[in-house]
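Q: Sharing a structure below in C-alpha cells format, with a few things to ask.
Derivation of every value follows stated rules applied to the coordinates shown; laboratory data play no part. Please read these numbers as outputs of a predicted model, since none were measured by experiment. Positions of Cβ are generated from backbone atoms using ideal geometry, with glycine treated the same way; all protein chains shown enter the neighbour counts.
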Amino acid sequence: MFENLPALASDPILGLSIDFKKDTNPAKIDLGVGVYKDEQGNTPILKSVVAAQKQLMETETSKVYITPQGVQGFIDGMLDLILGKGSQVLLANRVAAVQAPGGCGALRILAELLKRCNSDTKVWVSDPTWANHIPLIGNAGLEIATYPYFDKATASIKFDEMMDCLAQVKKGDVVLLHGCCHNPTGADLTKEQWQAVAKLANKVGFLPFIDIAYQGFGEGLEEDAYGVRLMAESVPEMIIAASCSKNFGLYRERVGLAALITHDSANRDIVQSQIQSVARGIYSMPPSYGGALVDIILANDDLNSLWQREVTEMRERMIQLRKLLVDNLAAQGASKDFSFINQQKGMFSFLCISPEQVRKLRDESSVYFVDSSRVNIAGINTKNVEVLAAAIAGVL
Ligand code: LMR
C-alpha cells in the first residue's frame, strides 16, 4: 500500500526547529518558528494562563465531550475581542462561529465549508503568504492563486499592483487577507488601504477571508482589529480564522476560532449548522482545555487586565528588539539599510536577503530562519543581537 509514497522534505518552518536542536554550536540563534521568547530565550506560560489553569483545575467536574461548536463562553469572548463589543454584525445575529483546533483548524474547516458552497472556489492569497496557508486551504480541494503584495526590492507593500489584481478577480472568489502583523513580511495595510480594499470587495463581489493570528502584537488589541472590524461592517459576507496561539501563548493547546458573517440572521443559522457538520466530519469536536482557559481569562476582569498587560509587554519588547537589531546592523556597517524593520509589525520581518544568504547564515553562523528571509523578531535578545547583526552584515 505505502510503497509508492515518496519521502517528503521537512516542513519549511517546523523543520528548522529540528535542525536547530541538532546544531551543537553554543552560539546558535533560533529565529525560525513563530513563538514568542523572553530575554532568556524561554517561552513561559503567561501568568494569566497559569491563574486560569488553577481556576479550571478547581472547578472542572467532568471530561465529558463538548460539542462540535465548542464552548459558547469562549466563542462569545473571542467574537467580542475580534469584532468589538457592540459590533453591528453581532447585534444583528449575523455571525456563525465554532471553536477550532488552533488557527490551522479554523482555516481548514473554513476552506472545507467554502468547498461545500462551491467546489470551483478560487482563493487568492498574498505573495508571499504564510507557507502553511497553501496546504491548509489547497488540500481542501480549492484552487489557489496569488495577488502581488510585497516588494522585496523596496521592502514595502505593492498596493497599486495588489488592487489592480483584486479588481480583476471573479465575483464569488475568496481573498485571504492577514488581519494584522502579516506573516511572513510584517508589512500591514494602512487604515486607508483597508478602506480601499473593503470598497473593492463590495464593487467586485469577492469574499474577504481574514486570518488574524497575532492580534495585540502589532499596535494593540483594539488597533490590530481595525481591518477585520471595518470589513465586517462593510461587506455582506466574510469569513474569519483566529488563533489564540500567540497572544495567549497557548500554542500546543490548539485554540482558535472560525467565524462566518452571513448576509442575514436566518442564513446564519443554516451556516452554523453547516460549519458544525464540517467540524464533526473532520475531528468531531475541538480540544476543550485551551478554550476553557481563554473563556476564563476573557470573562474575568482581573485576569483580562493581567492578560492585556502581558500582551502589551510582549508587543513592546518586540518593538524594542526591532530597533536593537536595526541599530546593531548599522553599527556593524551593514551595506544595506535595514531601517524598514522598524516599520514592520508583529513577530516577523523579512530581511529581504536571498535564500543563498539565508543558508550561508545557517551553515556558517548557526543562525536559523526561513529561506524566504523571514525572521522571528522575538528570538533576538540583548545577548545574541551583536553576533546576529555581525553575521548578517557578513553575508551581504
Ligand atoms: C509560524 O509561522 O512560524 C507559526 O505560525 C508556526 C507554524 O505553524 O508555522
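Q: With a ≥ b ≥ c taken as the square roots of the eigenvalues of the C-alpha gyration tensor of the stretch 144-233, please select rounded if a/c is under 1.5 and otherwise prolate if a/b is larger than b/c or oblate if it is not?
A: Values: a/c = 1.79, a/b = 1.20, b/c = 1.50.
Taking the square roots of the gyration eigenvalues as a ≥ b ≥ c, the stretch 144-233 is oblate.
Q: I've got another one for you. Tell me, what is the percent relative contact order of the stretch 51-155, built from C-alpha pairs under 8 Å that lie six or more residues apart?
A: 21 percent
Q: Report the calculated FRET efficiency for residue 54 and residue 305 (r = Cβ-Cβ distance, R0 = 22 Å), to the nearest 0.05. Mind showing how you got there, number by number?
A: On the way: r = 17 Å, r/R0 = 0.78.
E between residue 54 and residue 305, to the nearest 0.05, is 0.80.
Q: Starting from the stretch 76-133, pick out the trypsin sites (Lys or Arg not before Pro) whose DSSP state is loop and whose Cβ has at most 11 other Cβ atoms within 10 Å. It would help to have the intermediate numbers written out before the result.
A: On the way: sites: 85, 94, 108, 115, 116, 122; in loops: 85, 94.
For trypsin sites (Lys or Arg not before Pro) across the stretch 76-133 that sit outside H, G, I, E and B with at most 11 neighbouring Cβ atoms in 10 Å, the list reads 85.
Q: Quick one: dipole size for the stretch 284-392, taken about the Cα centre, charges +1 on Lys/Arg Cβ and -1 on Asp/Glu Cβ, in debye to the nearest 20. Intermediate values should be presented prior to the final figure.
A: Working: 12 positive and 13 negative charges, 66 e Å.
Around 320 debye, computed over the stretch 284-392.
Q: For the stretch 51-299, what is the relative contact order in percent, using Cα pairs closer than 8 Å and at least 6 residues apart in sequence?
A: Details: 456 pairs, mean separation 76.9, N = 249.
Across the stretch 51-299, relative contact order equals 31 percent.
Q: Here's a follow-up. Provide the packing ranking of 294-303, 369-378, i.e. peptides ordered by the mean count of other C-beta atoms within 10 Å per residue, highest first.
A: Numbers: 294-303: 18.6, 369-378: 23.3.
By packing density, highest mean first, the sequence is 369-378, 294-303.
Q: For the stretch 13-56 and the stretch 283-314, what is the separation of their C-alpha centers, rounded to whole Å?
A: Computed from Cα coordinates, the inter-centre distance equals 19 Å.
Q: Let's test the formula: R0 of 30 Å, r as the Cβ-Cβ distance of residue 273 and residue 85. What FRET efficiency results, to the nearest 0.05? Write out the running numbers ahead of the final one.
A: Values: r = 26 Å, r/R0 = 0.88.
Step by step, r from the Cβ atoms, then E = 0.70.
Q: What residue among 296, 273, 244 has its Cα farthest toward the positive end of the dipole of the stretch 221-331, where the charges are +1 on Lys, Arg and -1 on Asp, Glu, each on the Cβ?
A: Farthest towards the positive pole: 244.
Q: Report relative contact order for the stretch 141-196 in percent, whole number only (criteria: Cα-Cα under 8 Å, sequence separation at least 6). Display every interim value, and only then the final one.
A: Working: 28 pairs, mean separation 16.0, N = 56.
The normalised contact order for the stretch 141-196 reaches 29 percent.
Q: With a/c under 1.5 counting as rounded, go ahead and sort the stretch 191-277 into rounded, prolate or oblate using the C-alpha gyration tensor (a ≥ b ≥ c being the square roots of the eigenvalues; past the cut-off, prolate if a/b is larger than b/c, else oblate). Mind dumping the intermediate values first?
A: Details: a/c = 2.67, a/b = 1.13, b/c = 2.35.
Oblate is the answer for the stretch 191-277, as a/c is 1.5 or above yet b/c matches or exceeds a/b.
Q: Answer with one residue from 90, 109, 168: the one whose Cα lies farthest towards the positive end of the charge dipole of the stretch 51-299, charges on Cβ with Lys, Arg +1 and Asp, Glu -1.
A: Ranked along the dipole, the leading option is 109.
Q: While we're here: Report the label-to-label distance for residue 145 and residue 266 in nanometres (one decimal), using points 7 Å from each Cα along the Cα→Cβ vector.
A: Distance between the two pseudo-spin positions: 3.3 nm.
Q: Working out 0.36 nm times the residue gap between residue 21 and residue 191, then minus their Cα-Cα distance, what length gain in nm do you get to one decimal?
A: Working: separation 170, 0.36 × 170 = 61.20 nm, distance 4.08 nm.
Net length gain for the segment: 57.1 nm.
Q: How far apart, in nanometres, would the label points at residue 42 and residue 119 be if each is projected 7 angstrom from Cα along the Cα-to-Cβ direction?
A: 5.3 nm
Q: Which order do peptides 157-164, 250-257, 275-282, 211-218 fall in by mean Cβ count within 10 Å, highest first?
A: Values: 157-164: 16.1, 250-257: 22.4, 275-282: 18.4, 211-218: 26.1.
In descending order of packing, they fall as 211-218, 250-257, 275-282, 157-164.
Q: Give me the extension gain from residue 233 to residue 132: residue separation times 0.36 nm, minus the current Cα-Cα distance, reported in nm with one decimal. It would help to have the intermediate numbers written out before the result.
A: Details: separation 101, 0.36 × 101 = 36.36 nm, distance 2.85 nm.
Roughly 33.5 nm would be gained on extension.
Q: Is it possible to state the helix-based mean residue ellipticity at 222 nm for the chain, with each DSSP H run of 4+ residues giving -39500 (n - 2.57), the sum divided by total residues, to the nearest 500 deg cm²/dmol? What is it?
A: Working: 14 runs with 174 residues, N = 396.
Helix-only estimate at 222 nm: -14000 deg cm²/dmol.
Q: Classify the stretch 40-82 as rounded, prolate or oblate from the Cα gyration tensor: take a ≥ b ≥ c as the square roots of its eigenvalues, call it rounded if a/c is under 1.5, otherwise prolate when a/b beats b/c and oblate if not. Walk me through the numbers on the way to the answer.
A: Values: a/c = 2.27, a/b = 1.34, b/c = 1.69.
Taking the square roots of the gyration eigenvalues as a ≥ b ≥ c, the stretch 40-82 is oblate.
Q: For the chain, what is the Kirkwood estimate of the hydrodynamic radius, computed as the reciprocal of the mean inverse distance between distinct Cα atoms, to one decimal in Å?
A: Working: mean 1/r = 0.0458 Å⁻¹.
About 21.8 Å for the chain.
Q: Just grab the label-to-label distance for residue 396 and residue 323, each label 7 Å out from Cα along the Cβ direction, in nm (one decimal).
A: Computed distance between label sites residue 396 and residue 323 equals 2.1 nm.
Q: Which of the listed residues, 256, 136, 321, is farthest toward the dipole's positive end in the chain, when Lys, Arg count +1 and Asp, Glu count -1 at the beta-carbon?
A: So the residue furthest toward the plus end is 136.
Q: Further question on the same structure: Please get the size of the charge dipole for the chain, origin at its Cα centre, with Cβ charges of +1 on Lys and Arg and -1 on Asp and Glu, quoted in debye to the nearest 20. Can you show the working numbers first?
A: On the way: 38 positive and 45 negative charges, 67 e Å.
With Lys and Arg at +1 and Asp and Glu at -1, about 320 debye.
Q: Want the number for residue 62 to residue 5: 0.36 nm per residue separation, take away the alpha-carbon distance, what's left? All intermediate terms of the calculation are to be shown ahead of the outcome.
A: On the way: separation 57, 0.36 × 57 = 20.52 nm, distance 4.23 nm.
Length difference between fully extended and current span is 16.3 nm.
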